[in-house]
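To start, the structure under review is shown below, and the notes come after it.
The values are calculated or read from the model by the stated rules, or taken from the named source; none is laboratory data. This structure is a prediction, so every number in the text was calculated from the model and none was measured. Positions of Cβ are backbone-derived with ideal geometry, glycine not excepted, and every protein chain shown enters the neighbour counts. Remember, those area values only see protein heavy atoms, side chains included, never the ligands or the DNA or RNA. Shrake-Rupley method; radii C 1.70, N 1.55, O 1.52, S 1.80 Å.
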Amino acid sequence: MSEAGTPPVVGIIGGSGLYEIDGLENVEWRAVESSFGSPSDALMFAELKGQKLVFLPRHGRGHRIPPSELNFRANIDALKRAGVTEILSLSAVGSLRKDLPPGTFVIIDQFIDRTFARAKSFFDTGLVAHVSMAEPVCARLGDALTEAAKAVDIPTVRGGSYLAMEGPQFSSRAESELYRQWGCSVIGMTNMPEAKLAREAEMCYATVAMVTDFDCWHPEHDDVTVETIIKVLMDNADKARALVREVVPMLAGRSETCHAGCHTALENALITAPDARDPALVEKLSAIAGRVLGI
């Protein structure tokens, strides 16, 4: 899917309102089957200024699926089968820093994964692989997002660590203070194992963390509630659509594999000897790892 010369297809994972973008053409919703079950929803195929894109509502249209019940593997596998080569993930987060107030967008560069109830790898007994997560997001996509945000005048910070919690409950004050001591910038419930799976699928991945609240640590702000989050979410939605409109055409025309190594992440990751691999699992991984499996 991502070999040199393959035209880029931009995948967007985010809230239901993000696909309501002015200028979209040839819009078509299609169900895409996955070897790992059902993705959150059908995928929306479209073009924006000539660049192909595929949109997936992370929680399903109408926000039906809670974070712990998301089938992250099916979502990434379906996007891969749809031809997606780079993923822009937009998600609401709480801020763990005074200098990241509600309304700020953070271009994440690191993650701390504190989730515990989710399948985190496509690989399993019968075919083992270990990919590097030292640099979990694509610097090339981060550069493009930063440039696009400046162009449309969105308050944006480049760089920061995203603490992924299990949820669906928000943090206790003690947890929030602990994560602040760790140096985390924002907290959310959805970008892990999403980023790990995108790396295993050899897809570029970048996160735009859209701050909605100060979690519950800030003494001068009310504890986080769904009502306050929704209000800021609505305010952020227009900015998010503007960012997508600006950045997607910037990603057109890539003629080589990603220089950050995203498209070759499995090059030396497979550990199981070829004659010991489970044929059923190999077939299940045909989209995710077909390049290195030779299928």
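Taking segment 69-94, which residues are at pLDDT 95 or above, closer than 29 Å to residue 217 by Cβ and small (Gly, Ala, Ser)?
89
What's the number of the only condition in (1) modelled with pLDDT under 90; (2) surrounded by fewer than 24 Cβ atoms within 10 Å (Cβ to Cβ) that residue 215 fails to meet?
For residue 215, the failing item is (2).
Can you pull out every residue in segment 86-119 that is among the basic types (Lys, Arg) and farther than 27 Å from residue 144 by Cβ?
Passing the criteria: 98, 114, 118.
Listed here are the residues, each with its yes/no results for (1) of a type outside the set (D, E, K, R); (2) at pLDDT 95 or above.
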{"position": "7", "(1), (2)": "yes, no"}
{"position": "41", "(1), (2)": "no, yes"}
{"position": "56", "(1), (2)": "yes, yes"}
{"position": "61", "(1), (2)": "no, no"}
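So which pairs qualify, if the first residue must be in segment 226-250 and in a helix (DSSP H, G or I), the second must be of a type in the set (Ser, Thr, Tyr) and open to solvent by less than 70 Å² (accessible area, probe 1.4 Å), the Cβ gap must be under 8 Å, and the two must be at least 6 apart or on different chains?
Filtered contacts from segment 226-250: 228/212; 229/212; 232/212; 233/212; 236/212.
Could you please find all residues in segment 25-82 being in a loop (DSSP other than H, G, I, E, B) and among the small types (Gly, Ala, Ser)?
Within segment 25-82, 31, 35, 38, 40, 42, 50, 60, 62, 82 qualify.
When only residues in segment 270-295 that are of a type in the set (D, E, K, R) and part of a helix (DSSP H, G or I) count, which is surrounded by the fewest Cβ atoms within 10 Å (Cβ to Cβ)?
Across segment 270-295, the extreme among qualifying residues is 275.
This table checks each residue for (1) of a type in the set (Lys, Arg); (2) touching a residue at least 12 places away in the same chain (Cβ under 8 Å); (3) at positive phi.
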| site | (1), (2), (3) |
| --- | --- |
| 39 | no, yes, no |
| 47 | no, yes, no |
| 65 | no, yes, no |
| 69 | no, no, no |
| 73 | yes, yes, no |
| 84 | no, yes, no |
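Suppose we filter 164, 174, 139 for residues that are surrounded by fewer than 20 Cβ atoms within 10 Å (Cβ to Cβ) and either within 28 Å of residue 248 (Cβ to Cβ) or in contact with a Ser or Thr (Cβ under 9 Å, 6 or more places away or on another chain) (or both); which single one remains?
Of 164, 174, 139, the one residue that is surrounded by fewer than 20 Cβ atoms within 10 Å (Cβ to Cβ) and either within 28 Å of residue 248 (Cβ to Cβ) or in contact with a Ser or Thr (Cβ under 9 Å, 6 or more places away or on another chain) (or both) is 139.
Of the residues 201, 265, 206, 252, which is open to solvent by 30 Å² or more (accessible area, probe 1.4 Å), of a type in the set (Gly, Ala, Ser) and within 30 Å of residue 293 (Cβ to Cβ)?
252
Out of curiosity, is residue 239 within 18 Å of residue 104 (Cβ to Cβ) and open to solvent by 40 Å² or more (accessible area, probe 1.4 Å)?
In short, yes.
If you check 117, 144, 134, which single one turns out to be modelled with pLDDT of 95 or more and within 16 Å of the chain's Cα centre (by Cα)?
144
Return the pair list, or none, for Cβ contacts closer than 6 Å from residues in segment 111-132 that are open to solvent by 60 Å² or more (accessible area, probe 1.4 Å) to residues that are modelled with pLDDT of 95 or more and among the hydroxyl-bearing types (Ser, Thr, Tyr), at least 6 apart or on different chains.
The qualifying pairs are 117/68.
Looking at segment 237-259, which of the residues that are charged (D, E, K, R) and more than 15 Å from residue 144 (Cβ to Cβ) is modelled with the lowest pLDDT?
So, considering only residues that are charged (D, E, K, R) and more than 15 Å from residue 144 (Cβ to Cβ), the one modelled with the lowest pLDDT is 256.
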